[in-house]
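Reading through the structure tokens given below for one structure.
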Amino acid sequence: MSKISKSWRRTPRTALAACAVASLVAGLTACGGGGDGDDEQAKLGKDDTLTITTFSEFGYGDLIEEWNADPERPFKVKQTVVAEWDTWKQSLTTGLQSGEGLTDIVAIEGDMMPALVAEGASEQFVDLTDKELDSRWMESKYLEGQTADGKQIGYPTDAGPEAFCYRADLFEKAGLPSDRESVKALFKDWDTYFATGEKFVAKVPETKWYDSSGSIAQAMLNQVEFPFQTKDQKIDVDNPELRAVYDSVAKYAPTLSTQVEQWKEDWQAGFTNNGFATMPCPGWMFANIKDSAPDVKGWDIVDAFPGGGGNWGGSYLAVPTQSQHQEEAKEFANYLTNAESQVAASKVAGNFPANLEAQSVLAEENATDPYFNNAPTSQILANRAEAVPAGVPFKGDKYSDILGLFQQAIRRVDEGTDPEKSWATFTEGVEGMS
Amino acid sequence: MSRRPGFLVYGLLTAFLLGSAFPLYWSFVIGSVTRQRAIQSPPPLVPGGHFFENAARVFDRIDFWSALLNSVIISGISAASVVLFSTLAGYSFAKLRFRGANAGMVFVVATLAVPTQLALVPMLKQFSNLGLTGTHAAVILPWVVTAFGVFFMRQYLVDAIPDELIDAARVDGASMIRTFWTVAIPAARPAMAILGLFTFMQVWTDFMWPLIVLQGSDVQTLQTALDALKVAPGQGQSDMALVQAGTILATVPLLLLFIATGRHLVSGIMQGAVKG
Amino acid sequence: MPTTTSAPVENATTATSTGASPRRQTWRDRLSRWDLKLSPYLYVAPFFLVFILIGLYPMLYTGYLSFFSWPAYGADRGPWVGWENYAHVLGDSVFRKAFWNTIGMFLLSSVPQIIVATILAALLDTQLKGRTWWRMSILLPFVVAPAASALIFGAIFADKTGLLNQTLAGIGLPTVPWHADRFASWSAIATMVNWRWTGYNALIVLAAMQAIPRDLYEAAEIDGASKVKQFFHVTLPSIRPTMIFVIVTSTIGGLQIFTEPRLFDTNLRHQGGSDFQYQTLTMYVFNTAQTSTNPYPRAAAAAWILFLIIVGIALVNFLVTRAVQRRSLR
């Protein structure tokens, strides 16, 4: 970028204006973003810089510093960190739509992946396929970064295998078992989970059973094989599995749910005012609970998840075709996601690596967390990761849109709309999408 | 003049002031307590004594001074340029007769109505074609002259300059630009001060466009640099004390500018006596 | 923009034609004629040049693409689809809902905003002690980033733990579902908008008030006109062009309301409520650009429809304002 900036200062004004007019014309004829084939590849020398953008905390700061300090490395790396995914998503979307301006490596939140592996979008990314890496990551995460015809768009960084966090002190108050081993049975399947909830709220009426209808809906949804679309991308929301998820969540909303929306102020308040007793808990949620309720004693983590397992969150590294240093970018993405890097990054960022070898290294260290009553966090997460089914749920190209409408439908029920009516609005909305 | 305000006026204004200033005050409160205190409930309402510690951490985490310099350059040039060109154009539309003036003015106002939500994509293409991504110019150029500024100056000047003054200057043999300089500028001073202030503030707080067009470059503005403070270490919650200390540090230059412009606004009015 | 009823005098022509000999035109005269003729164009040229360089391309680009298909994040646009994208937007019930939401929030924000701003400006246009401080202080909301003020308003309007609802519950009144009820959500958002923009508009109006010759007030005073009467008969008529400016810009701004309603929905998708209670037209444009079917072209079509809506409303608004002001002058 800095090279370009220098040359512009030397460009005479007239040339600039001419260029503007030319680009007006050229821009219109080549409307529709990049991929015009003008992205010449340039080899990076030792003092040249490869650029990467991540969001939130990936824990790569020290790794990149070490890389840059090592004279043996073939190029330098500069990382830009954007604090929030929402912001970075806008920036990334703009970069993809205009075909310009993206860094050599971009970090992508897992929820966006189904849209990017779809036809059309996948052409904007370099194929990162590397046979040697086929078994480096959890299969479920690896497959989500892949197009239907096997082109690897992204290397997985972290994963969000879900356990359940619970308030042992409130469990005791309700006369339920409270130690990690004996509560496992309560989280055996969804029916047991809801039934236990009803017992709980009968004893402790001022506290709800779970944090929000949305998080439970999401957790159950993640165990449905084809929630919204069939294998051939046909929209089908009238399937009994999806309806079963909706009915359960709607049924228990008034009694077991806080009926507040995740991440909002009211939800946040629930951590400290005994608002709820359980919540689905991917690894990255641990730090969030600790920061939200530093003084609350009684949070614990159970090594179980109703109905098997599930994943919530996790990101990818990808190389857009507009990069002029695709080879180097691929090499560096490979480096960042290897076991050693991922163990180091995980210790900084507090997330759970999707890299299998890194997982076992962490599990062997057998870290425990005093805040969660000395729960063996790394071991629990490794176990939960094994329980995540590969390829479930199937996320079609419209997954994100329909999921948004589905969550809105749940939200309406929370706000008092009749479940049947809300469901009708949902199916109507899906039909109008096409 | 017997226009002395009474108790009621001061009361109303005080109420308004409290409402206006509270978020900024609260931002300072959070920026002056410890990280732990910042997220405890009930939230703190009086300042703590840790502002300088937090500020030191801000300087430690981001390249504050270079970002500040960039922001001053970008906002300063933008504001100066908007004021100059908008006053010229506004004066021309308000006071000079020329063919197409009305159509031109309607056009200017119509461009205000264009929604900007989708403009980022073509703008990024355009600036990339011009080779401007990653430069100061990329952030300044969209602010060289704005429809808002032209419309504002036009409406202000239409009544603020009596036509007789312009005629008199012309009779004296003054050139057009000289007339503009000696007649229009003095009358336009208060409006220029306000327009300059608004533009400076808007460019100063602009976030999305600089973020996109400066991506991966060494040129960063205060807002894009401050964003990094929000990153929560270890996936927990953001260090609000740090974030708010950064916000306050970035606001201080604006407040200084406020004070400077405020005087100008008032004195401009006193000199507004040009208008007989 | 034909905003004033009093046409400016033919000021410049009179200046040159007098005194110059009609037969022998000197070089100076010719220069002066060119100066007179070209200067007006020269002065407005920068705006149009910058517009051509920066503003025009996005308009042509969105206009052009609104007639094509283009898969989400695709590298290349697809085939020509005619008016299909426009038809989709106009047939979308969410768009129609967003239209009424926008109108509602616009009325709740722009109207009180202009009235309060004008009163505030009148209060500040007095011999206040420390008037610079008062004047500048009303602009304080504008230095606070919208995201930061959203945090505070979030704490005020939270449905269960919010300051307002806690207070209502405390004194035994029913609480207000700020995010679920359509009108309540509009009111909350309008409050945020007004908080941010009232002082800004007041300062603009104040600048115009300051340019009113003080002898007009003195004359009114001698006639025994009360302060209120002075306001309606001296102040308001004198600041007409600036009032038109404020009304037109806050109409346009009000119809493009985006940041506040978007931040009011902390949901990751920012749809504007579970049933689109407070999704606005600009949010519709933005959100459409993030969907999976022809996102950008559909959003571009929506943006152009929105543009026409705004121009239409601004025009009506302008005509009504002018008519009302004319009548009040009689």
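Excluding ligands, DNA and RNA and using a 1.4 Å probe, chains A and B jointly bury around 3300 Å² of accessible surface, summed across both partners. Interface burial in the stretch C:141-183, defined as at least 50 Å² less accessible area with all protein chains than with the chain alone at a 1.4 Å probe, covers C:Phe142, C:Val143, C:Ile152, C:Lys160, C:Thr161. Chain C packed on chain A takes about 3700 Å² of accessible surface away from a 1.4 Å probe, both sides summed. When DSSP beta bridges are restricted to pairs lying wholly in chain A, around 65% turn out antiparallel. Charge dipole (Cα centre; +1 on Lys/Arg Cβ, -1 on Asp/Glu Cβ; no other charges) of chain C amounts to roughly 860 debye.
For the stretch B:17-27, backbone phi angles converted through the Karplus equation (6.51, -1.76, 1.60; θ = phi - 60°) give residue-by-residue couplings of 4, 4, x, 5, 8, 4, x, 5, 4, 5, 4 Hz, Gly and Pro being listed as x. Counting only DSSP H runs of at least 4 residues, each contributing -39500 (n - 2.57), and dividing by the residue count of the protein assembly as shown, the helix-based mean residue ellipticity at 222 nm comes to -18000 deg cm²/dmol. Here the Kirkwood formula puts the hydrodynamic radius of chain B at 21.8 Å, using every distinct Cα pair.
Per atom type, the stretch B:74-213 shows carbon and sulfur on 63% of its accessible surface, probed at 1.4 Å. For the stretch C:86-329, the relative contact order comes to 28 percent (Cα pairs under 8 Å, sequence separation of at least 6).
Of B:Gln237, B:Gly6, C:Pro112, whose Cα points farthest to the positive end of the dipole of the protein assembly as shown (charges on the beta-carbon: +1 Lys, Arg; -1 Asp, Glu; origin at the Cα centre)? Result: B:Gly6. Cα centroids of the stretch B:193-262 and the stretch A:357-434: 35 Å apart. Comparing A:Phe352, A:Phe271, A:Phe305 in a Gaussian network model of chain A, where Cα atoms under 10 Å apart are tied by springs, the biggest mean-square fluctuation is seen for A:Phe271.
Listed by chain and number, the aspartates and glutamates whose C-alpha is less than 19 Å from the C-alpha of B:Lys95, apart from same-chain residues fewer than 8 away, are B:Asp159, B:Asp163, B:Glu164, B:Asp167, B:Asp172, C:Glu10, C:Asp35. Here the dipole of the protein assembly as shown is about 6080 debye; that uses its Cα centre as origin and unit charges on the Cβ of Lys and Arg (positive) and Asp and Glu (negative).
Which value, in debye to the nearest 20, gives the size of the charge dipole of the stretch C:229-311 about its Cα centre, when Lys and Arg are +1 and Asp and Glu are -1 at the Cβ?
Dipole about the Cα centre, nearest 20: 240 debye.
A loss of 50 Å² or more of accessible area (1.4 Å probe, protein heavy atoms, ligands and nucleic acids excluded) relative to the isolated chain is seen in these residues of the stretch B:134-151: B:Val145, B:Phe148, B:Phe151. Ranking A:Pro294, C:Ile222, C:Gly154 by how far each Cα lies toward the positive end of the dipole of the protein assembly as shown (charges on Cβ) leaves C:Ile222 at the top.
Legend: residues in the stretch B:80-97 shielded by at least 50 square angstrom of accessible surface upon adding the remaining protein chains to the isolated chain (1.4 Å probe, heavy atoms) are B:Arg97. A:Cys281 exposes around 0 Å² of accessible area when a 1.4 Å probe is run over every protein chain in place. Excluding ligands, DNA and RNA, the accessible surface per residue across the protein assembly as shown is 40 Å² with a 1.4 Å probe.
At a 1.4 Å probe radius, carbon and sulfur cover how many percent of the accessible area of chain A?
About 50 percent, which is the carbon plus sulfur part of the accessible surface.
Considering only protein heavy atoms and a probe of 1.4 Å, how much of the accessible area of the stretch C:41-107 is carbon and sulfur, as a whole percent? That fraction is 76 percent. When chain A is modelled as a GNM with alpha-carbon springs shorter than 10 Å, which of A:Leu133, A:Leu336, A:Leu102 fluctuates the most? Among A:Leu133, A:Leu336, A:Leu102, the largest mean-square fluctuation in the Gaussian network model of chain A belongs to A:Leu133. Evaluating 6.51 cos²θ - 1.76 cosθ + 1.60 at θ = phi - 60° for every residue in the stretch A:278-295, the Karplus couplings come out as 9, 7, x, 9, x, x, 5, 6, 3, 4, 5, 5, 4, 6, 6, 9, x, 9 Hz, glycine and proline recorded as x. What translational D, rounded to a whole number of µm²/s, comes out for chain A from Stokes-Einstein when the hydrodynamic radius is the Kirkwood one over Cα pairs, at 20 °C and 1.002 mPa s? It diffuses with D of about 91 µm²/s by this estimate.
Computed 3J(HN,Hα) for the stretch A:245-260, one whole-Hz value per residue from the Karplus formula 6.51 cos²θ - 1.76 cosθ + 1.60 where θ = phi - 60°, is 4, 4, 5, 4, 5, 5, 5, 8, 3, x, 9, 9, 9, 5, 6, 9, glycine and proline marked x. Highest mean packing comes first when the peptides C:301-311, C:50-60 are listed by Cβ atoms within 10 Å, giving C:301-311, C:50-60. Taking both sides together, the accessible area buried where C meets B is about 8800 Å² for a 1.4 Å probe.
In this structure C:Tyr217 has an accessible area near 10 Å², from a 1.4 Å probe over the protein heavy atoms. Taking 28 Å as the limit for the C-alpha separation, the pairs A:Lys264/A:Lys421; A:Lys184/A:Lys231; A:Lys251/A:Lys290; A:Lys141/A:Lys184 exceed it in the case of A:Lys184/A:Lys231; A:Lys251/A:Lys290.
The convex hull of the Cα atoms of the protein assembly as shown, projected and averaged over all directions, covers 44.5 nm².
Think of the stretch B:33-139 as having a plus end and a minus end, set by charges on the Cβ of Lys, Arg, Asp and Glu; of B:Leu69, B:Leu124, B:Leu96, B:Leu96 sits farthest toward the positive end of this dipole.
Hull volume per residue, based on the alpha-carbon atoms of the stretch B:63-221 and their convex hull, is 129 Å³.
All alpha carbon pair distances within the stretch C:86-329 were sorted into 5 Å bins beginning at 0; the resulting P(r) in whole percents reads 1, 6, 12, 14, 15, 14, 12, 10, 8, 5, 2, 1, 0, 0.
Sorting A:71-80, C:135-144, C:197-206 by their mean Cβ neighbour count within 10 Å, with the most densely packed peptide first, gives C:197-206, C:135-144, A:71-80.
Seen from every direction in turn and averaged, the convex hull around the alpha carbons of the stretch A:180-284 projects onto 8.0 nm². Between A:Ala185, A:Ala385, A:Ala333, the GNM of chain A built on Cα springs shorter than 10 angstrom shows A:Ala185 fluctuating the most.
On a per residue basis, the convex hull of the C-alpha atoms belonging to the stretch A:366-434 measures out at 143 Å³. The packing ranking, built from the mean of other Cβ atoms within 10 Å per residue, places the peptides A:313-326, A:216-229 in the order A:313-326, A:216-229, highest first.
The values are calculated or read from the model by the stated rules, or taken from the named source; none is laboratory data. Computed from a prediction, not measured in an experiment: that's the story for all the values here. Here the Cβ is made from the backbone with ideal geometry for all residues, glycine too, and neighbour counts use every protein chain on show. Only protein heavy atoms, including side chains, enter the accessible area calculation; ligands, DNA and RNA are left aside. Shrake-Rupley method; radii C 1.70, N 1.55, O 1.52, S 1.80 Å.
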